[in-house]
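The values are calculated or read from the model by the stated rules, or taken from the named source; none is laboratory data. Values in this document were obtained by computation on a predicted structure and should not be read as measured data. No Cβ is skipped: glycine too gets one built from the backbone with ideal geometry, and neighbour counts run over all protein chains shown. Only protein heavy atoms, including side chains, enter the accessible area calculation; ligands, DNA and RNA are left aside. Shrake-Rupley method; radii C 1.70, N 1.55, O 1.52, S 1.80 Å.
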Amino acid sequence: MDSDPKSRVTEIISGLSGTGDVDRATAEELFPLVYDELRRLAKSYMSRETPGHTLQPTALVHEAYLKLVDQTRADWKGKTHFYAVGARVMRRLLVDHARERGAQKRGAGWQSVTLSEALDPLGGEVLDPEQLLDLNTALEQLAVVDDREAKVVTLRFFGGLTVEQVAEVLAVSKRTVENDWRHAQAWLRLRLSEAGPS
Amino acid sequence: MKTNRHRRAKEVFLAACELPVDGRSSYLDEACAGDDDLRHEVDALLEIDCTTPDPSDGRRPPERIGNFRLLQRLGEGGMGEVWEAEQERPVRRRVAFKLIKWGMDTKEVLARFESERQALALMNHPNIAKAYEAGSTDEGRPFFAMEYVRGVPVTEYCDAQRLSTQERLTLFVQVCEGVQHAHQKGIIHRDIKPSNILVTVEDGRPVPKIIDFGVAKATSQRLTERTLFTELGQWIGTPEYMSPEQAELTGLDVDTRSDVYSLGVVLYELLAGTQPFDAKELRTAGFDEMRRRIREDEPQRPSTRVSSLGAASQLAAERRRTDIQGLARTLRGDLDWIVMKALEKDQTRRYGSPSDLAADVGRFLCDEPVNASPPSTAYRIRKFIRRHRVGVVAGGVVIVALVSGVVGTAIGFVKARHEAEAARKVSELLVGVFADLDPAVQVSQVTSTTSVLDRGVERIRSELSDQPLVRARLLDTVGTAYGNLGQFERAKPLLDEALRLREEHLGEPAAAVADSCVSLGWLAFRTADFGEALVLFGRALSIYEQALGPDHWAVAATLGSIGTVIWRAGDYDEARGFFDRSLNLFQAIGKEDDPVVVRTTLPYANMLMDMAEYQAALPLLEQALSLYEERFGPNNAAVSGIVLDIGRCYHETLRYEEARRFYERALEIQERTLGPDHFSLMYPLTKLAMLDRRDKQYEEADARFKRALVLGERALGPDHPDLVWTLGPYALLMLNRGDVEEAHATLDRALRIAEEAHGPYHVDVARILELFGFHYYQQGEYDEALRWYRRGLEIREKIFGVGHVATGWNLYDQSCILVLNGDAESALATLHRALDVGWANARIFDDDDFDSLKGDPDFETILEEVRVRL
């Protein structure tokens, strides 16, 4: 009926109810809509800021949320699922961008990124594009052996979701999320330190 | 394969984490027996796990911190986590151990902590969970050890124990005392909410204990943007309990009175069973909207809230060992005012301290007079104007009649008559001129009267230049007469001049000045300039109180006028308050059977009809009619307005035959006394046209609607809100005749006018939306129809409250549509909702929309219920 992204996203979001899991189809539908908006936001953000400034993915996801969802019609559940999609999008965007930069070796774009919770598997506060790619690779490896854990990490690092929210999105208990999280961190740190300085 | 290994390593790792460090190697020996790779992996993971300083909230804190041994985690909050711990030295006891999250400005946090720690150690009060020790871990992470309170949140406790209102108040006083103690030590809590007030039982008595003191202040002081974003998943503070100044987020102005506000919210919840701002609504709005609401929106008084929530209040009442009426009655009055005073947006108007609040509650419990009182009328009017943002209508005067049109005229006539008599007594010079204006002689033609009035004005000005007060009185009279004839441009300058003269020669506290204010107030009202009208009436009220004393009918009448304006502006709660005050005063001074009381009862009755409370409205109307008939005779223009309103009452309760009789009588009187071109006729004409349409007399209906619109537009201009009352039903007629496009256009116009004049939350807007819905229903587009009806329902629920009977018809119509749309289940559910709000009407028996439901046992139950109620 209408093709305005905000209406469509709001509709999807506010239609979520009942059990936790967002079905694949819904998530797939949201992804491109959110991707567009986040890419636009990231771009405008980067053109605004001085070079060397740190990008905060979760702040962008939040802004995208405000832009794409009619606040009066979304609730905690809908918001949480939006953030979940936002996290995935953010990760994809950052990785794509890091690869581009890698190919060019210099140029505009973000210099460093601060992941949520000031968590940093590589031992510093901020990640440069190369470090981000390392992280991404490690995450992909993790996903092969433990898909859920990789999801937990993605949601928390790139979306800033709380333990509670992650539990909602993945439809598991908080305890499970905490365990996954704890293990994943150790695992990632281990893998990344083994990989050596990049 | 790899997955299994991974999973195994994870299992072992996590299990090992749960064990004390020294116990791990033996466990690992066992678990990894024979599998060196596994052991290697887990060892490496554990090493990294322990060595990395991890500020995240998933990280388990060390076993022992100082003299405390951590046992089990109790919970996680926005600020950190709480553990049950065992203190070993200097004394062995159980404590609540709170570990603070890594803040953004750690050094600042620690510094602030230190100064708080001293004060916390000094706090010693039975209602505050004692803080034992505070410090920081080796990693520099701050912690608190506190008295371990085994209890439940105060609201839960009171509900579970079904404590009465009195019992709850007694507990609440203790809470206030605790907070007061802390304030005296220089600590502001900032996060007072039920989950921070736990009730435990000591010696068989319930004792509330406040926890989390000082913590909030120490760590959430500076809210940088970055903090907001990362914490957005978890809201900072708890919005439902946050004071307006806290919602500003600057951190300025937050003082002990912010705690008083939060205590007010807790009190509200203890008494009424809900929070002043609906938690769900607050949280689903956007961030900025949420803050705006806390800062600007006025909550309903607890008694009103209880009354308007309907079924939801039933549970609350039960938990207080009473019923809804009983609860509302207990809350109404003093308790309302105590709570509202604690919830004032303006800090200076709140209780200055928790002990002031506790003292007033104490007075209430002892049946002593409390300090809190309903705010003065002037203050309320100012607040009302601010809240509804009613502004001054720019530019020209749009001519309007009050309510169903003739009432104002009737009142004006009454006044004009009295004034004319007085005028005649006062000045014999002008007897010749004014004789023609005597309403005892029916005015039959507008034009001739106007010219007579014009001449009169000239003579007033020239012949009475040396008698300013007489002149003023006559100008007032003539101005009002102009107003009654719809000549508002001519009226205003005269009334302004009269006011000026009186102000000059009598000074402010003179009743005559107030009279002028009232005349001007009505003029402003008629031009839909509600703000101006309120200001004028407010001024008149205070002057009358001063000049004539507070027990005078003029005071009571002005209260009624204020109520009328507020009602038309759409605030039913406030309006009712004024109407009740007015009527109470009339009764107190023994004037409840004087026709002047009609000035209040007539708009009051109309308001009640808006609220679908027809049974309450009718007696008021009938009393008004008999009073006026007695005073003015049965065929006076003043009477016609009341007759019209009675007709409306019958009409809206579906007694069409009686309605028609009354409407016809009203029309007849008006045509005779006011002439065929007076704008007041638009109201009876519209009503009759509505009945004609119903009788399928489309030609008559069309003619009447057209005539009504012509008269209305000519006098009121094309955008006056009263036109909506004609346009809506006219559109319905167009639908019946198949003029779909025109109907749509007319409804659009009506909606636009209503929204512009009243804003989106007004009953007239809801009515139009429902007409749209009806339109689609007739077209068979049921989904669309429902959409419109739902919007209308939203507005009604917002204005009248969920569960109010005024939402009944909307729900009924929705169920008709749902049935036709094939959704019998929802239709029945909606009918039940309609019944729940108190709706009942015989229409359901012959409504053929429900044919498919006949025989369904649920439907039969509903029919039976309706039968019982009628």
Subset of region B:1-42 that is among the polar types (S, T, N, Q) and more than 10 Å from every other protein chain (Cβ to nearest Cβ) - its residue that is surrounded by the fewest Cβ atoms within 10 Å (Cβ to Cβ): B:Ser26
Examine region B:188-202 for a residue that is surrounded by fewer than 20 Cβ atoms within 10 Å (Cβ to Cβ), modelled with pLDDT under 90, of a type in the set (A, V, I, L, M) and under 30 Å from A:Phe157 (Cα atoms), and state whether such a residue exists. no
If you check every pair at least six apart or on different chains, which have Cβ atoms under 8 Å apart with a residue in region B:54-71 that is within 14 Å of chain A (Cβ to nearest Cβ) first and a residue that is surrounded by fewer than 16 Cβ atoms within 10 Å (Cβ to Cβ) and at pLDDT below 60 second? B:Pro55/A:Ala118
Kindly indicate whether any position in region B:631-641 is modelled with pLDDT of 90 or more, over 22 Å from B:Ile566 (Cα atoms), open to solvent by 20 Å² or more (accessible area, probe 1.4 Å) and in a helix (DSSP H, G or I). no
Can you say whether B:Thr830 is open to solvent by 70 Å² or more (accessible area, probe 1.4 Å) and among the hydroxyl-bearing types (Ser, Thr, Tyr), as far as the supplied structure shows? no
State yes or no: is B:Glu177 within 26 Å of B:Arg319 (Cα to Cα), at pLDDT 90 or above and surrounded by fewer than 20 Cβ atoms within 10 Å (Cβ to Cβ)? yes
Which of the residues spanning region B:84-113 are part of a strand (DSSP E or B) and at pLDDT below 80? B:Lys98, B:Leu99, B:Ile100
Quick check on region B:346-362: of everything there that is at pLDDT below 90 and charged (D, E, K, R), which residue is nearest to the chain's Cα centre (by Cα)? B:Asp346
Just checking, does region A:10-33 include any residue being outside any helix (DSSP H, G or I), modelled with pLDDT under 65 and more than 20 Å from A:Leu161 (Cα to Cα)? no
Residues of region B:465-488 that turn out to be at pLDDT 80 or above and of a type in the set (Asp, Glu), as a count: 1
For region B:181-209, give me each residue that is in contact with a Phe, Trp or Tyr (Cβ under 9 Å, 6 or more places away or on another chain) and among the acidic types (Asp, Glu). B:Asp191
What number of residues within region B:134-151 are open to solvent by 30 Å² or more (accessible area, probe 1.4 Å) and over 15 Å from B:Val82 (Cβ atoms)? 3
Would you be able to tell me the number of residues in region B:293-325 that are at pLDDT below 80 and within 14 Å of chain A (Cβ to nearest Cβ)? 0
Does A:Lys105 fit the bill of being of a type outside the set (Asp, Glu), out of contact with any strand residue (DSSP E or B) (no Cβ under 9 Å at 6 or more places or on another chain), modelled with pLDDT under 75 and open to solvent by 20 Å² or more (accessible area, probe 1.4 Å)? yes
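For (1) open to solvent by 20 Å² or more (accessible area, probe 1.4 Å); (2) touching a residue at least 24 places away in the same chain (Cβ under 8 Å), each residue gets a yes or a no:
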position: B:Asn736; (1), (2): yes, yes
position: B:Asp739; (1), (2): yes, no
position: B:Ala745; (1), (2): yes, no
position: B:Asp748; (1), (2): yes, no
position: B:Ala754; (1), (2): no, yes
position: B:His758; (1), (2): yes, yes
position: B:His762; (1), (2): no, yes
position: B:Val765; (1), (2): no, yes
position: B:Leu769; (1), (2): no, yes
It is to be established whether one or more residues within region B:810-833 are outside any helix (DSSP H, G or I) and in contact (Cβ under 8 Å) with a residue 60 or more places away in the chain. no
